[in-house]
1. Putting +1 on Lys and Arg Cβ atoms and -1 on Asp and Glu Cβ atoms, find which of Gln308, Met1, Ile194 reaches farthest to the positive end of the dipole of the chain.
2. Can you run phi through the Karplus equation (6.51, -1.76, 1.60; θ = phi - 60°) for region 157-163 and list ³J(HN,Hα) in whole Hz, with x for Gly and Pro?
3. Computed on alpha carbon atoms, what radius of gyration and Dmax characterise the chain, expressed in Å?
4. If you rank Met104, Met1 by fewest surrounding Cβ atoms within 10 Å, what's the result?
5. Just for the chain, what percent of DSSP beta bridges are antiparallel, to the closest 5?
6. What nm distance separates the two modelled labels at Leu137 and Leu304, each placed 7 Å from Cα along Cα→Cβ?
7. Select from Ser224, Ser91, Ser189 the residue whose mean-square fluctuation is largest in a Gaussian network model of the chain (Cα-Cα springs shorter than 10 Å).
8. Taking only pairs that are 8 or more places apart or on different chains, how many Lys pairs in region 1-135 have Cα atoms under 14 angstrom apart?
Amino acid sequence: MKLVVGFITYNEISAKYLADFLPSLAEALSFLDRADFKIFAHDNSDSLNQDNKLIIDRFNLSAGNLIEYSSLNNNLGFARAYNILLNYAYSDKAEYFLALNPDMIMEPDSIKKLIAALDLSRDVSALSPKIYYWDFLNKKKTKLIDSLGLIVRPGLRFYDLGQGNYDQGQFDGLSIIGPSGAAGLFRLSALDKISFVAESGRKQYFDERFFMYKEDCDLAYRLSLANFKSKLVPDSIFYHNRTSGSGRQNVVNKLWDRLGKSRQVRIWSLENQNILYAKYWKKENFVNKLLIIFWFTGSFIFSLILEQFNLKTYFKRK
């Protein structure tokens, strides 16, 4: 099989997007024969949630059972749910895996261009489309960059390339270490080579210690460390309704964005950044280790002053 597409639904948060996302996805896949692709959706809702399934069932009725749906009536976390989808792809002997968030739409030729690029670049293992911000409330496409893929800066600080800038092609030639979690096309053989068997006995592509947030950074960094190349495909266009973090990322905006997030999101974000520090500490050079100490100390002071609820994060086993 050529391609497996996987996406996760979650409570009413994703249900409101599906009426736009599903037809957009079907149109973008229409260039492929039905035998060459499958679509899997895993519902990560906290409990039995009929909204996502009903919308997908209605869509399947009109589209000829295009999507296979699964649910365990439990929120397994982003990484665990995606590992379930990746195992489906691996079992079906797929060549490529396309990970998508459902809070997006795409141009009709976007997936075709991603696959063509990966077909032509045998030395590349992962591709990012050009993802713009989608104004969902006003149903408006923009050219404000959401992500052009992930980059890493000294001290294990991960960023979405170009985020918050209006696109003028200024980032098209820059390198990335992997796609963001919003959308990315992967060569499944590369993901298989960086997978591992955890203490639970389960094979993991995404590290399931990352319940949510920065699991895409970890995956991209493992691909990079294993010398698997990733690239941006500038003419493959997606639109994503990111709920926060899509503005210019100066210090004030970063602080405002963080304080606007829920307490749980801030706990996951800090905890997972600390997991990244602990996980790759031995692999970093001396300068990076100094910067990790600097950022770790700075975030501890920040927590001490503004986020005391996060102090317990520093005493968790990583």
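Read the figures in this text as sums done on the coordinates, not as results from a lab. What you are looking at is a predicted structure, and each value in this text was computed from that prediction instead of being measured. Counting neighbours? That spans all protein chains shown, and the Cβs are built from the backbone with ideal geometry, glycine included.
1. Gln308
2. 9, 9, 9, 7, 4, x, 4
3. 19.1, 58
4. Taking fewest neighbouring Cβ atoms as first place, the list is Met1, Met104.
5. 45 percent
6. So the label points at Leu137 and Leu304 sit 3.9 nm apart.
7. Per the Cα network of the chain with a 10 Å cutoff, Ser91 tops the list.
8. Within region 1-135, the lysine pair count is 7.
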